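The values are calculated or read from the model by the stated rules, or taken from the named source; none is laboratory data. None of the values given here were measured: they were computed from a predicted structure. As a convention, Cβ positions derive from the backbone with ideal geometry for all residues, glycine included, and neighbour counts pool all protein chains shown.
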Amino acid sequence: MTEVMERTLASLPMFMKGELGGPFGVSRGFQTLIKAIGESQSKHEEERIMKKEVSYLQQKLTQPDISNKHMKELLVRLVYCNMLGHDITFGYIHALKLAQQGGLVEKRVGYLAVSLFLHEDHELIMLLINTIQKDLKSTNILHVCMGLTAVCALISTEMIPALLPMVEDKLQHPKEVVRKKAIMALHRFYLKAPNMVQHIHEKFRKVLCDRDPGVMGASLNIFYDLIKEDVEKHRDLTNTFACIMKQVIGGKLTNDFTYHSVPAPWIQVQLLRILGMLGAGHKKNSEQMYAVLDETLDKSEINHNIGYAVLYECVRTVTAIHPNPALLEKAAERIGRFLRSHSNNLRYLGITALTSMLPVLPGVAGEHQLVVIECLDDPDETLQRKTLDLLYRMTGPTNVTVICDRLISHLSTTADTYLQSDLVTKITQLAERYPS
Amino acid sequence: MSPKFTRKGNNGQNYPVCYGEHVLGGGVIRLWCRHQNLCTPRWIVGNYYISIDVRGSTQQVVKMMKFMLLFSRQGKVRLQQWYSATQEKEKKKIMRELITIILARKPKMCSFLEWKEYKIVYKRYASLYFCCAIEKGDNELLTLEIIHRYVELLDKYFGSVCELDIIFNFEKAYFILDELMLGGEIQETSKKNCLKAIAAQDLLQEEADATRNVLEEMGLP
């Protein structure tokens, strides 16, 4: 079966070009539309073409007998019009119908159109429940996947009771892609109505130990929110998470998950965030993770952005948990690497990391003073803003006047109202704190 | 407890107004100072008022990504995926403002910017800008890499992708995005698994089409 997959994957571009005729495999009408828009000379002409298209589609859709295939093409054009900002409310009901009645291909486009046109509070969503229920019960895996995807995009609190048992059921499905989508759907349910998913927390723990790393990775999302809500209940999982982290850095996951020679970076970052929450203010938990954090700091590859991303998250975690001087020293040294780089992105992150380190290691900013001053004078506004924030937090009785001067001078040069109000708040707070 | 909102009284002193709020179930509970005039229904507990605001069914769902936009250098939107319920007018406004801001930024500047209550991460690939809005506390560099992962997937799928591919086959771009992110959260980080899932759907699509063509030729519906 996998051989067939590989061959299909290889010949996919060819397939697409051959489908439905036309060089890009799209319908004639759509092609002409795009060509016309591309060649239009003025905004006026483009408006005229789009209006014509919308009225053409409106007229076509009112005709009684449209085949599903034709309806799919019309819907694709409708989505395009919607993307360009035109009103196509008349098409909503047709999208719903196609999601319900279409075969595999049309159903996919129907669901896509519905998730783009509607949102969870729309009154037409109720009509979708039946369709989704049918798809979730279907034996065709792709139908189930489509149903779960639609659930994630469009579910509202009232619809949850109707769909919860079926989605829960899918957690035990033999196919990992279904289990993965099911856990993500349950995460959405949890975010919308936490009380309705109280009873299945045990099942989430089982998913964490799933044999497929993709499913395990997807379950980390929901654990992040569960732990954010209630740390105490999940303290016992600290060791589990630390173990998983150790395995990931040790390269135990398959090569698929490696991204630019960093093993499963997104999973690493999720785990780091979770560990950060579990260790905050709790000595025993923090001790369980010192070893693995140390290893992460050592192993991080720093020749690519993603290595920096993991390093940044690790530094954040180290500052959040119960302080360990050796780790903090190491983290401070790593921040130096960020600040010394030439990329503005990395310097931005370096400044942010410094800001988060200040409460735990107050002397750290002093070491990197020069770089901080450089960043302040950088023409990039984002960098300036972050450095100002750092300065504000570094204020002590000795440097308050200097820093206030800087803030005020910046206030007079900026035109952004949000930044202005932010700066004013900061300056007034400093003035209150150091009234001389 | 330090007050969340304060107002200035007549004598210049600061009076606390609201001490805090908590989102719970379908609404928001707020703790008010007793001297505050409230028109909303409230309970009196000692020196405090407790009020409950029932919001509409739209709750503040805190997700990693709020939306993802793809637009050309002329400001034409090529793909928009919203992960939270927003009104059409609001969407248009956000898109218009954001596109103007990003197009005005110079190449050497940061890929991150703070705009209103969002943090925006963007990157330009050839003629297309990929732009995401994330939570304030999120890892920006990671989001940049998610964008890069998405571009890698598109590249593998379309075979050396260009803007035209995305214009003509935008629904396929949406399907690929749906395999990478679901509901604003990262779904699958393995490139192979994502592409496998999409290939499976396409393969069955091919079979369905082939069967349908055969049936049409035979004159059956």
Hey, A:Arg211 within 30 Å of A:Val144 (Cβ to Cβ), more than 11 Å from chain B (Cβ to nearest Cβ), without any contact (Cβ under 8 Å) to a residue 60 or more places away in the chain and not in a helix (DSSP H, G or I) or not: yes
Conditions (1) touching a residue at least 12 places away in the same chain (Cβ under 8 Å); (2) surrounded by fewer than 21 Cβ atoms within 10 Å (Cβ to Cβ); (3) of a type outside the set (Val, Ile, Thr); (4) closer than 30 Å to A:Arg273 by Cα: number failed by B:Gly75: (4)
For A:Ser138: the one exception among (1) crowded, with 20+ Cβ neighbours inside 10 Å; (2) out of contact with any strand residue (DSSP E or B) (no Cβ under 8 Å at 6 or more places or on another chain): (1)
Which numbered condition B:Glu163 misses (of (1) out of contact with any Phe, Trp or Tyr (no Cβ under 7 Å at 6 or more places or on another chain); (2) among the charged types (D, E, K, R); (3) buried (at least 19 other Cβ atoms within 10 Å of the Cβ)): (3)
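Does at least one position in region B:125-136 carry a residue that is among the acidic types (Asp, Glu), more than 9 Å from every other protein chain (Cβ to nearest Cβ) and farther than 23 Å from A:Met83 by Cβ?
Within region B:125-136, the subset among the acidic types (Asp, Glu) is B:135.
Filter again for more than 9 Å from every other protein chain (Cβ to nearest Cβ), leaving B:135.
This time we only want the ones that are farther than 23 Å from A:Met83 by Cβ, so: B:135.
Yes, region B:125-136 contains a residue that is among the acidic types (Asp, Glu), more than 9 Å from every other protein chain (Cβ to nearest Cβ) and farther than 23 Å from A:Met83 by Cβ.
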Qualifying residue in region A:260-269 (condition: surrounded by fewer than 18 Cβ atoms within 10 Å (Cβ to Cβ) and touching a helix residue (DSSP H, G or I) at 6+ places or on another chain (Cβ under 9 Å)): yes
Members of region B:99-121 found to be closer than 27 Å to B:Leu164 by Cα and in contact (Cβ under 8 Å) with a residue 24 or more places away in the chain, listed by number: B:Ile99, B:Thr100, B:Ile102, B:Leu103, B:Ser111, B:Phe112, B:Val121
Per-region count, region B:92-114, residues surrounded by 16 or more Cβ atoms within 10 Å (Cβ to Cβ) and under 26 Å from A:His86 (Cβ atoms): 5
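Determine, yes or no, whether B:Leu141 is more than 22 Å from A:Ala113 (Cβ to Cβ), hydrophobic (A, V, I, L, M, F, W, C) and at the interface with chain A (Cβ under 9 Å from one of its Cβ atoms).
Yes.
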Per-region count, region A:245-276, residues within 14 Å of chain B (Cβ to nearest Cβ) and within 19 Å of A:Lys206 (Cβ to Cβ): 4
Cross-chain or 6+ apart pairs with Cβ under 9 Å, region A:117-130 first and among the polar types (S, T, N, Q), then modelled with pLDDT of 80 or more: A:Asn130/A:Gln100
From B:Ile166, B:Ile186, B:Ile176, residue being of a type in the set (Val, Ile, Thr), in contact with a helix residue (DSSP H, G or I) (Cβ under 6 Å, 6 or more places away or on another chain) and facing chain A (nearest Cβ under 10 Å): B:Ile186
Hits in region A:149-183 (condition: assigned to a helix (DSSP H, G or I), closer than 21 Å to A:Asp121 by Cβ and within 8 Å of chain B (Cβ to nearest Cβ)): A:Thr149, A:Cys152, A:Ala153, A:Thr157, A:Glu158
Filter pass, B:Gly137 being surrounded by fewer than 20 Cβ atoms within 10 Å (Cβ to Cβ) and touching a Pro at 6+ places or on another chain (Cβ under 8 Å): no
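Away from chain B (no Cβ under 14 Å) and either surrounded by 15 or more Cβ atoms within 10 Å (Cβ to Cβ) or closer than 22 Å to B:Asn139 by Cβ (or both): which single residue out of A:Gly279, A:Gly307 fits that description?
It is A:Gly279.
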Region B:159-188, residues that are assigned to a helix (DSSP H, G or I) and in contact (Cβ under 8 Å) with a residue 12 or more places away in the chain: B:Glu163, B:Ile166, B:Ile167, B:Phe170, B:Lys172, B:Ala173, B:Tyr174, B:Phe175, B:Ile176, B:Leu177, B:Glu179, B:Leu180
One residue from A:His70, A:His86 being surrounded by 13 or more Cβ atoms within 10 Å (Cβ to Cβ) and within 15 Å of B:Lys76 (Cβ to Cβ): A:His86
Lone unmet requirement of (1) free of Cβ contacts under 8 Å to residues at least 12 places away in the same chain; (2) within 30 Å of B:Glu152 (Cα to Cα) for A:Lys284: (2)
Test: residue in region A:44-63 that is at pLDDT below 80 and part of a loop (DSSP other than H, G, I, E, B): no
Selection from region A:96-137 of residues that are away from chain B (no Cβ under 14 Å) and closer than 25 Å to B:Lys92 by Cβ: A:Leu96, A:Leu128
